[in-house]
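The structure appears below as structure tokens.
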Amino acid sequence: MQIKINLYDLGARKFAIIGVPPLGCCPMERHLNLTMMGGNGGCVESMNGLAQAFHASTQSLLHNFFLGKRVNFLHNFSSANPGVFYSLGNTYNTILSIIDNRRASGFQVVETACCGNGTFNADKNGCQSGSNLCINRDEYLFWDEFHPTQAAARQAALTLAYADGPEFVTPMNFSSLARLSFAHN
């Protein structure tokens, strides 16, 4: 809470909060699933469960039930500090939607990194001089064993900025948050 109060004192009024993507689906986790966990190279569900728990905990903080009464943490904060607004971006659902609908999202490869070595281009040395490098990085979801490509980051940003519906961002998309006027005080 102290951090938010300090940000408020510095003039911050709009908070765009971004969750954690499905970490268990990044190339490194798929590599570990296949080579060390006896799996099939699919997403590591225990890691994805942690990402989902983070989002649920953040959402619970924002929409907390206290003594049987719904109390919105940031709503109470905004009552004490006029003009505070927020949006919570669900990057877990955003990235999983790309993975589940790769071609519709414009991606051909969602399991393997564009740059790296070994299985899924995700051996421990990462992307460095002499690594395998894909021909068209815009067709890949992941640049290296952990990080998205620029095309994937752009797609996620556009989803969080303009998507309608709570599966990707709530209570409003980031574009709507940015357009809010301080006249709402």
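The values are calculated or read from the model by the stated rules, or taken from the named source; none is laboratory data. None of these values were measured; they are calculated from a predicted model. Quick reminder, even Gly has a Cβ in these numbers, built from the backbone with ideal geometry, and neighbours come from all protein chains shown. Side chains are part of the model used for accessible areas, which takes the heavy atoms of the whole protein and leaves out ligands, DNA and RNA. Shrake-Rupley method; radii C 1.70, N 1.55, O 1.52, S 1.80 Å.
Quick notes on this one:
- Residue under evaluation Ala104, criteria (1) under 30 Å from Arg13 (Cβ atoms); (2) among the small types (Gly, Ala, Ser); (3) open to solvent by 40 Å² or more (accessible area, probe 1.4 Å), criterion not met: (1)
- One residue stands out in segment 54-90 among those that are open to solvent by less than 50 Å² (accessible area, probe 1.4 Å), hydrophobic (A, V, I, L, M, F, W, C) and modelled with pLDDT of 55 or more: the one that is farthest from Phe168 (Cα to Cα), namely Phe77.
- For segment 172-184, the criterion of a residue being aliphatic (A, V, I, L, M), over 20 Å from Ala56 (Cβ atoms), modelled with pLDDT of 95 or more and surrounded by 15 or more Cβ atoms within 10 Å (Cβ to Cβ) is satisfied by no position.
- The requirement of being under 17 Å from the mean Cα position of the chain (by Cα), polar (S, T, N, Q) and outside any helix (DSSP H, G or I) is satisfied by Ser105.
- Among the residues of segment 11-44, those identified as touching a Gly at 6+ places or on another chain (Cβ under 6 Å), touching a residue at least 12 places away in the same chain (Cβ under 8 Å) and not in a loop (DSSP other than H, G, I, E, B) are Ile18, Arg30, Leu34.
- Asp144 open to solvent by less than 60 Å² (accessible area, probe 1.4 Å) and among the acidic types (Asp, Glu): yes
- There is no residue in segment 118-135 that is surrounded by fewer than 19 Cβ atoms within 10 Å (Cβ to Cβ), touching a residue at least 24 places away in the same chain (Cβ under 8 Å), of a type in the set (S, T, N, Q) and in a strand (DSSP E or B).
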